[in-house]
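> This is the structure I have questions about; it appears just below.
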Amino acid sequence: MDPLRVAENERKYVIHSWMAQKDFKPFIVTGGEGAVIWDENGKKYLDFSSQLFNVNAGHQHPKVIAAIHEQIEKLCYIGPGPSNETRAELCRILAEITPGDLTKTFLSSGGGTANENAIKIAKSFTGKQKIISRWRSYHGATYGAISVTGDPRRLPNEPGIPGIVRIWDPFCYRCFFDKKYPDCNLFCADQIREVIEVEGPKTIAAIIVEPITGSNCRIIPPNGYMQRLRQICDEYKILLITDEVMTGFGRTGKMFACEHWDVVPDIMTLAKGINNATLPLGATVVRKEIGDFLEDHIFYGGLTQFGNPTSCAAAIAAIKVYQEEGLVENSRVLGLKLMKELEKMKQKHPSIGDVRGLGLFAAIEFVKNRKTREPIVPWTVENYEKKNPLMNSVLNQMKADGVTGYSRWNVLFIAPPLCITEEQLMEGLSKIDKAIDIVDEAISK
């Protein structure tokens, strides 16, 4: 189809997410391979956000495509009632690769629905109604998932489901308690006890966290935080839900981010990279005790696309690719090199206040002044809705130079496909380095 016709149809008939429709600017992508995509003119771009942090194995991976083709020839769809080979095998594999005694899985259509069902299961299992989440968080756009979300996208959807309580994040660069790690002795974790006590321990079903915050500043908890959180949950008999929708399947240099701290959650939610983003699929994985509970108690949840066989076949193939092609290890190794290069950029550019990351899941935070740490874009509702022209200029320069990226507020995220080569990584970083000159110039005026 003619590119102008595609753009016209997009503008005329499609409702695009998270924006006023007049702000949509068509960028037509016609193909991709590995860490590269290309537009209708054949111009190639390094994909430095893996689209939405989900194309972990790279675009158009032949083994995943082959698995989809094979399953389509066999059986495209079957309802939730009949047993299905690919659904059963995927859930067996998830029990095998997830940590500890996470053993049973409910399959859904994406990250939001995975978290939605985690909330349902937690309330059913504990008989309690409140959920604790963090302020700088995003857990999905469905009603329950957006209710436990902390970022401004929740506001137009309020009031959400009742019983949501929020806590501050383990954000060492911008500590909300004005303390310094490690002298703080993880005060940000211990203050959760105070919240639990005033809310009533017998009313709280679960705490849900992204082990590493995704689109809300890429916050990496200090060592000991996740372990302390696990301890607090055990102490009060509260379930710990880890939202690994972004961080799962090798993104951080481990198969799952919680493994960096040897923490086993009670419920783990998965999506995005589960099948290399080829088809809609989410997973809610529970520990044996919860699985045993569900043997005798009805789980009041379901969906038409439960365990879609084609989506599951893609997931089985993608997980094999992550394991057999060493993509988790590649994420770990290149992640170390990525952070080394970002530290160099920080020394070079006065506009960079902080760099942080694990594996191929990193971020650059821009400031007006390093000493005061004043962000170039304050973390406010207004600045989310308006988008910042300076950050847009950085993204536009990157794109002009053949690198696509993703940013929110004053943070530029770096998360290329795990199959990226060192040469491609360095090429993309050099283009980003050039684009950051725009911010340096702006803060110097």
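> Does Tyr225 meet the test of being touching a Phe, Trp or Tyr at 6+ places or on another chain (Cβ under 9 Å) and at pLDDT 95 or above?
Values: touching a Phe, Trp or Tyr at 6+ places or on another chain (Cβ under 9 Å): yes; at pLDDT 95 or above: yes.
Answer is yes for this residue.
> Looking at (1) assigned by TED's automatic domain parsing to the domain that holds Arg11; (2) at pLDDT 95 or above, which one does Glu40 not meet, given that it meets all the others?
(2)
> Something else about it: Look at Met391 and say whether it is surrounded by fewer than 18 Cβ atoms within 10 Å (Cβ to Cβ), touching a helix residue (DSSP H, G or I) at 6+ places or on another chain (Cβ under 9 Å), under 25 Å from Ser50 (Cβ atoms) and not charged (D, E, K, R). Please lay out each step first, then the result.
Details: surrounded by fewer than 18 Cβ atoms within 10 Å (Cβ to Cβ): no; touching a helix residue (DSSP H, G or I) at 6+ places or on another chain (Cβ under 9 Å): yes; under 25 Å from Ser50 (Cβ atoms): yes; not charged (D, E, K, R): yes.
The answer is no for Met391.
Rundown of residues vs (1) of a type outside the set (A, V, I, L, M, F, W, C); (2) assigned to a helix (DSSP H, G or I); (3) without any contact (Cβ under 8 Å) to a residue 40 or more places away in the chain; (4) touching a helix residue (DSSP H, G or I) at 6+ places or on another chain (Cβ under 8 Å), yes/no style:
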residue	(1), (2), (3), (4)
Phe176	no, no, yes, yes
Asn185	yes, no, yes, no
Ile196	no, yes, no, yes
Ile208	no, no, no, yes
Asn223	yes, no, yes, yes
Met226	no, yes, yes, yes
Ile232	no, yes, no, yes
Thr247	yes, no, no, yes
Arg251	yes, no, no, yes
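> Are there any pairs, at least 6 apart or on different chains, whose C-beta atoms fall under 9 Å, with the first in region 1-29 and closer than 28 Å to Pro156 by Cα and at pLDDT 90 or above and the second surrounded by 10 or more Cβ atoms within 10 Å (Cβ to Cβ) and hydroxyl-bearing (Ser, Thr, Tyr), and if so, which?
Phe27/Thr404
> If a residue must be surrounded by fewer than 20 Cβ atoms within 10 Å (Cβ to Cβ) and more than 14 Å from Gly111 (Cβ to Cβ), how many such residues does region 131-142 contain?
1
> Here's a follow-up. Any residue in region 211-225 that is among the aliphatic types (A, V, I, L, M), closer than 19 Å to Phe256 by Cβ and touching an Asp or Glu at 6+ places or on another chain (Cβ under 6 Å)?
Kept after step one, since they are among the aliphatic types (A, V, I, L, M), are these residues of region 211-225: 212, 219-220.
Remaining after also requiring closer than 19 Å to Phe256 by Cβ: 212, 219-220.
This time we only want the ones that are touching an Asp or Glu at 6+ places or on another chain (Cβ under 6 Å), so: 219.
Yes: region 211-225 contains one or more residues that are among the aliphatic types (A, V, I, L, M), closer than 19 Å to Phe256 by Cβ and touching an Asp or Glu at 6+ places or on another chain (Cβ under 6 Å).
> Take the conditions surrounded by 14 or more Cβ atoms within 10 Å (Cβ to Cβ) and modelled with pLDDT of 95 or more and apply them to Gly353. Does it pass?
Numbers: surrounded by 14 or more Cβ atoms within 10 Å (Cβ to Cβ): yes; modelled with pLDDT of 95 or more: yes.
For Gly353, the condition - surrounded by 14 or more Cβ atoms within 10 Å (Cβ to Cβ) and modelled with pLDDT of 95 or more - is met.
> If the requirement is being buried (at least 17 other Cβ atoms within 10 Å of the Cβ), within 30 Å of Met19 (Cα to Cα) and within 17 Å of the chain's Cα centre (by Cα), which of these qualifies: Val411, Val377? Steps first, please.
Values: Val377 fails: within 17 Å of the chain's Cα centre (by Cα).
The conditions single out Val411.
> Determine which member of the set Ile164, Ile119, Ile146 is in contact with a Lys or Arg (Cβ under 9 Å, 6 or more places away or on another chain) and under 25 Å from Glu289 (Cβ atoms). Full working, then the answer.
Details: Ile119 fails: in contact with a Lys or Arg (Cβ under 9 Å, 6 or more places away or on another chain); Ile146 fails: under 25 Å from Glu289 (Cβ atoms).
Just a single option satisfies the conditions, and that option is Ile164.
> Looking at this structure, is Leu90 closer than 30 Å to Lys431 by Cβ and either assigned by TED's automatic domain parsing to the domain that holds Ser109 or among the aliphatic types (A, V, I, L, M) (or both)?
Numbers: closer than 30 Å to Lys431 by Cβ: no; either assigned by TED's automatic domain parsing to the domain that holds Ser109 or among the aliphatic types (A, V, I, L, M) (or both): yes.
Spelling it out, it is not the case that Leu90 is closer than 30 Å to Lys431 by Cβ and either assigned by TED's automatic domain parsing to the domain that holds Ser109 or among the aliphatic types (A, V, I, L, M) (or both).
> Could you go through region 257-269 and let me know if any residue there is without any contact (Cβ under 8 Å) to a residue 40 or more places away in the chain, more than 21 Å from His59 (Cα to Cα) and part of a strand (DSSP E or B).
Scanning region 257-269 turns up no residue that is without any contact (Cβ under 8 Å) to a residue 40 or more places away in the chain, more than 21 Å from His59 (Cα to Cα) and part of a strand (DSSP E or B).
The values are calculated or read from the model by the stated rules, or taken from the named source; none is laboratory data. Because the structure is predicted, anything quoted here is derived from the model rather than measured. Please note: Cβ atoms are built from the backbone with ideal geometry, for glycine as well, and neighbour counts cover all protein chains shown.
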